[in-house]
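Some notes on the structure that comes next.
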Amino acid sequence: MIVVISQSGTHQPKLRDHEEQLVAHLLLEARCEVTLVTDLAHLDSDNTGLLCLEGIKGSMLVLSWHEGPLALEHLTSHGIQGRLVDLAEHEGQGESTGPPALGPGIYD
């Protein structure tokens, strides 16, 4: 599974530290392929993060500081199709107490 982390658009050291710890955990312990892109709200046509997202074929998990529907809206505005997935339902654990996460996408 490819995990895409959309970095915070703010320059808060605590958020950057959290992102670094998450990347380290995913790479070293979970052994995931990790890709870092700029804040989804700041993607534009000449952004390398957008080129990277467009180059991913198949399933990916996008982690963003934005709420799920807004993150999906940002991706959809650039032609990247995806869907929100309730992880608890997806894993058969019943109701979810948090907001839905952006799940695997559908790509050409």
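The values are calculated or read from the model by the stated rules, or taken from the named source; none is laboratory data. Here the structure is a predicted model, which means the values were calculated and not measured. Surface areas here come from the heavy atoms of the whole protein model, side chains and all, with no ligands, DNA or RNA. Shrake-Rupley method; radii C 1.70, N 1.55, O 1.52, S 1.80 Å.
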Solvent accessible area, Å² - I56, 1.4 Å probe, full protein context: 10
Anisotropy class of segment 34-84 from Cα gyration tensor, a/c 1.5 cut: rounded
Extension gain, D44 back to E29 (0.36 nm per residue minus Cα-Cα distance, nm): 2.2 nm
Rounded accessible area of M1 (nearest 10 Å², 1.4 Å probe): 130
